[in-house]
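To start, the structure under review is shown below, and the notes come after it.
What follows is calculated from the coordinates using simple rules that are stated; it is not laboratory data. Source: prediction; values computed, not measured. With ideal geometry, Cβ positions are generated from the backbone for all residues, glycine too; neighbour counts draw on all protein chains shown.
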Amino acid sequence: MGLRENGKGTPKSIDLFHILKVNCAGVHLAEYPKEYEKTVMLDDGTSVLFRPELSTDTEMLWEMFSTLSSESLRFLVIPFTRERIEGWTSNIDYDKALPIIAEVQQADKTRIVATATFEFSAASAFKHKAMFGITVHDDFQNKGIGTALTKHMLDIAKRKGLSKVSLKVITENRRAIRMYEKCGFKIEAKLGGRILLTEDTSTIT
Ligand SMILES: CC(C)(COP(=O)(O)OP(=O)(O)OC[C@H]1O[C@@H](n2cnc3c(N)ncnc32)[C@H](O)[C@@H]1OP(=O)(O)O)[C@@H](O)C(=O)NCCC(=O)NCCS
């Protein structure tokens with residue numbers, strides 16, 4: 001599948017750098033859920049950091065979403081405008097939505113290469129549920145990042161005490177369906193051209 005875990009932890013360079021960035025952006029440090037950081041390593045040796053999104057991620061997110069292929073975009077809710085991405089990063093509230101990004105260090109720059117998000121319902125009756133979404137940049141698809149990030153999100157769901165994670169996927173998106181089923185999601189319903197998949201996270205051991 002292409003990944004082996006490298007344990008929890010953070011590359012040395014990111015701790016102070018991101019804490020300073022969070023401070024500069026005016027976000028209270030206590031709000032940044034550092035416990036949701038994790039580093040994995042691809043078979044080719046590339047180290048990938050999963051971490052909660054920060055308000056300072058706008059440029060890297062824009063670079064990722066503005067360079068997705070039309071094949072990837074056809075499975076996503078478009079368009080990804082600059083305004084939409086600024087809306088994400090200027091309104092980070094980890095209690096309402098928890099976006100986790102995948103970051104790699106390349107020779108000359110740092111790149112965001114994937115994002116996954118839980119959206120929580122405002123209604124208290126549904127607080128134990130979350131909707132899930134994920135995108136891996138074309139340059140990094142089929143390397144196991146989607147599987148590893150989805151598993152990381154399910155681990156977070158368990159730690160947060162969520163009981164159910166759901167998502168909708170277009171029927172033709174065979175790769176995504178294969179990945180979700182591999183991670184334990186079950187088909188709950190077929191709705192027109194879409195499939196509703198859910199995972200009972202209360203049973204994950
Ligand atoms: C779907 C997506 C998240 C998967 O992430 P990824 O990092 O590419 O996936 P992985 O490499 O972890 O796993 C993909 C699996 O699908 C398999 N696969 C690839 N193409 C496939 C296809 N056409 N049909 C079925 N399975 C396929 C791979 O072999 C792999 O399975 P394996 O590990 O058992 O070999 C990513 O490709 C993506 O973002 N695509 C565009 C946007 C999108 O579709 N988002 C999801 C919306 S619901």
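Based on this model, can you work out whether MET179 counts as under 16 Å from THR135 (Cβ atoms), out of contact with any strand residue (DSSP E or B) (no Cβ under 7 Å at 6 or more places or on another chain) and hydrophobic (A, V, I, L, M, F, W, C)?
Yes; evaluated as a whole, the condition is true for this residue.
Only residues that are near the ligand (Cβ under 8 Å from one of its atoms) and either of a type in the set (Gly, Ala, Ser) or not in a helix (DSSP H, G or I) (or both): list them for region 125-160, please. Spell out how you get there, then give the answer.
Initially, region 125-160 is screened for residues near the ligand (Cβ under 8 Å from one of its atoms), giving 133-138, 140-150.
GLY133, ILE134, THR135, VAL136, HIS137, GLN141, ASN142, LYS143, GLY144, GLY146, ALA148, listed by residue number.
Take region 77-103 and flag every residue that is within 13 Å of the ligand (Cβ to nearest atom) and over 14 Å from the mean Cα position of the chain (by Cα).
Passing the criteria: VAL77, ILE78, PHE80.
Scan region 73-110 residue by residue and report those that are in a helix (DSSP H, G or I) and buried (at least 16 other Cβ atoms within 10 Å of the Cβ).
Listed by number, the residues that qualify are ILE85, TRP88, THR89.
Of all residues in region 137-161, which are hydrophobic (A, V, I, L, M, F, W, C), in contact with a Ser or Thr (Cβ under 9 Å, 6 or more places away or on another chain) and in contact (Cβ under 8 Å) with a residue 40 or more places away in the chain?
LEU149, MET153, LEU154, ALA157
What number of residues in region 185-205 are part of a helix (DSSP H, G or I) and surrounded by 13 or more Cβ atoms within 10 Å (Cβ to Cβ)?
1
Within region 171-184, how many residues are surrounded by 15 or more Cβ atoms within 10 Å (Cβ to Cβ) and more than 7 Å from the ligand (Cβ to nearest atom)?
Qualifying residue count for the region: 4.
Considering each residue of region 131-157, count those that are of a type outside the set (Val, Ile, Thr) and over 14 Å from THR198 (Cα atoms), and give that number.
Within region 131-157, the first condition is being of a type outside the set (Val, Ile, Thr), and the residues that meet it are 131-133, 137-144, 146, 148-149, 151-155, 157.
From what's left, over 14 Å from THR198 (Cα atoms): 137-144, 146, 148-149, 152, 155.
Matching residues across region 131-157 total 13.
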